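First up is the structure itself, then whatever we jot down about it.
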């Protein structure tokens, strides 16, 4: 509490003068232009081959519950690396390719 008393001035008491600011240079300093660097094309980027279930969910824009439904039904195969369950990118591509392109027209169920 004593430290706060030092920071809060008493009523009618002036604050200490502010420290002097650093002078602003009269003219701006010269800026060296940056030369863009071309990307290294000698080594092709490595594509992800194995995805965690979380990454596969983000890629397919589905939730965990739907992911486990697909895995447990066998619609999307998975593998294990030690105790970690993973999905191959090729299996995701095959799953997406097997999906129908158009949904059948929805009809209201008969009452």
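The values are calculated or read from the model by the stated rules, or taken from the named source; none is laboratory data. In this text the structure is predicted, and so the values were computed from the model without any measurement. Cβ placement follows ideal geometry from the backbone for every residue including glycine, while neighbour counts extend to all protein chains displayed.
For region 39-74, filtering for residues that are at pLDDT 70 or above, part of a loop (DSSP other than H, G, I, E, B) and more than 13 Å from residue 91 (Cβ to Cβ) leaves 4. In the set 53, 59, only one residue is surrounded by fewer than 15 Cβ atoms within 10 Å (Cβ to Cβ), touching a residue at least 12 places away in the same chain (Cβ under 8 Å) and within 17 Å of the chain's Cα centre (by Cα); that residue is 59.
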